[in-house]
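The values are calculated or read from the model by the stated rules, or taken from the named source; none is laboratory data. Note that the structure is predicted; figures quoted are calculated from it, not measured. Here Cβ is always computed from backbone atoms with ideal geometry, including for glycine, and neighbour counts include all displayed protein chains. All accessible areas refer to the heavy atoms of the entire protein, side chains included, with ligands and DNA or RNA removed. Shrake-Rupley method; radii C 1.70, N 1.55, O 1.52, S 1.80 Å.
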Amino acid sequence: VAVLQLRPEPDRPPPRPELAVKTRHVAFVPDGARAVPGLLERMRDVLEAHGGHSKTAARGDKMAAHHGGDQMAADGNDAIKTVAHGDIKMVAAPVGPRALRCLELRVDLRAWTARYGPGGPGVCSALDDAPAVLLLRTRDLFSLPFPLARPVAAALFLQAALRGWRVLPTPDPFPASRRPALSPHGRWKAEASSEARRRRLMAGVGGKLEGVADGRRRWHGCAKDTPRCFGTVHAQTPQYLLAGRWTPPCCLRALRETARHVVAELEKAGVRYWLEGGSLLGAVRSGDIIPWDYDVDLGLYREDLGKCRWLAAAAAGGGPSARHNRLHVDLWPFYPRRGGVMTKDTWLGHRQDVEFPERFLRPRVPLEFAGFKAMAPNNAREFLELKFGAGAVEKPQYPNPAVKRL
């Protein structure tokens with residue numbers, strides 16, 4: 001037995017487990033699993049028999065057993081796809097009497113999400129949370145960006161799913177040793193530790209949302225009191241777009257809630273408003289915020305500002321009524337000038353930032369947006385083509401194609 005220190009120490013060389021592990025295979029064995037003579041070897045033979053181009057290992061091949069590390073990252077692939085049995089890279093065996101349940105894991109880095117769904121019999125891309133021994137080739141393990149992250153199984157499945165690797169569960173179990181029951185405090189500590197590890201894992205992967213197989217959701221992203229929900233926005237291009245990602249789902253959720261609140265306040269005060277810019281584009285396309293947008297735009301009649309105490313206070317103070325993070329609704333006060341044209345006093349130089357005939361607002365019409373009804377111009381398509389150009393609805397594009405194109 002060799003003990004490998006995985007945590008870096010300031011007075012020691014950096015840990016390099018990939019150089020220390022000399023065996024062809026590695027088994028991850030959870031605490032409490034009892035050895036069964038020959039079972040690891042049988043798992044190895046199954047892996048080699050289903051492992052595509054790999055040659056069968058000799059009977060005398062030995063295996064190293066290890067536990068997890070600290071953190072992981074993922075590559076830039078958007079999502080996994082269904083793959084053949086030849087991509088089996090892991091074999092799993094249950095620990096204890098509970099059988100392993102297959103899941104299908106779809107990781108979409110662009111949307112910051114990992115979704116687990118029920119899997120069929122045979123190979124799958126992930127397993128449920130039942131304890132299991134996982135066996136894979138050493139070269140495959142250390143080809144992963146963070147091979148020893150914890151929680152071990154979840155970390156391996158996430159990285160494997162991004163590469164199209166498959167897992168083959170086997171029925172033969174490892175017995176589980178009897179362990180004393182945890183006290184309520186001990187159970188709370190274990191659950192808190194497990195949750196903290198999972199959050200670190202998702203942060204390393206860049207995941208903000210987990211869809212669990214039973215329909216529940218686990219959120220790992222920003223909250224209402226997060227100082228910054230995403231990085232810098234330069235030239236109308238948020239930092240996440242440059243990284244090949246879209247708006248984090250937690251930000252979209254908060255934007256929907258913020259937009260619903262603002263619209264409710266405006267309607268309660270009798271302020272005439274309408275969806276503007278990219279928000280109107282999203283409403284027409286899908287009834288929601290554009291997946292890569294980072295704010296909500298509303299136009300309103302300037303003469304109605306005094307009807308709402310929040311708007312009146314902001315207008316008197318010359319700034320926003322509140323500011324904590326980047327999630328916000330932009331409110332643009334328009335007023336009619338001669339000839340029935342709506343104009344305003346502040347222009348940002350954006351392509352869609354133009355004057356328009358007031359007839360689009362007579363009448364305003366309700367439109368589905370972000371889970372509620374919001375008022376919109378009466379001919380949204382013509383309004384959008386005036387703002388963005390012909391084909392704006394059918395041809396999605398990022399805010400500044402000169403910086404980043406869809």
| request: Being under 22 Å from the mean Cα position of the chain (by Cα) and open to solvent by less than 20 Å² (accessible area, probe 1.4 Å) is the filter here, so list the residues in region 280-291 that pass it. | output: Gly282, Gly287, Ile289, Ile290
| So which of Leu158, Leu241, Leu148 ends up being outside any helix (DSSP H, G or I) and either within 25 Å of Arg110 (Cβ to Cβ) or in contact with a strand residue (DSSP E or B) (Cβ under 9 Å, 6 or more places away or on another chain) (or both)? | Leu148
| request: Could you tell me whether Pro37 is modelled with pLDDT of 90 or more, in a loop (DSSP other than H, G, I, E, B) and assigned by the TED database to the domain that holds Thr138? | output: yes
| Search result, residues across region 303-316 that are surrounded by fewer than 18 Cβ atoms within 10 Å (Cβ to Cβ) and not aliphatic (A, V, I, L, M) | Glu303, Asp304, Gly306, Lys307, Arg309, Trp310
| Being out of contact with any Lys or Arg (no Cβ under 6 Å at 6 or more places or on another chain), modelled with pLDDT of 90 or more, open to solvent by 20 Å² or more (accessible area, probe 1.4 Å) and farther than 30 Å from Arg245 by Cα, is that true of even one residue in region 76-97? | yes
| remark: Among residues of region 177-208 being surrounded by 12 or more Cβ atoms within 10 Å (Cβ to Cβ), among the hydrophobic types (A, V, I, L, M, F, W, C) and in the same structural domain as Pro147 (by the TED database), the residue farthest from Ile88 (Cα to Cα) is Ala203
| message | With surrounded by 12 or more Cβ atoms within 10 Å (Cβ to Cβ) and touching a helix residue (DSSP H, G or I) at 6+ places or on another chain (Cβ under 8 Å) as the only criterion, which of Gly270, Gly277, Gly211 stands out? | response | Gly277
| field | Filtered residue count, region 348-406, keeping only those that are open to solvent by 60 Å² or more (accessible area, probe 1.4 Å), of a type outside the set (A, V, I, L, M) and not in a loop (DSSP other than H, G, I, E, B) | value | 7
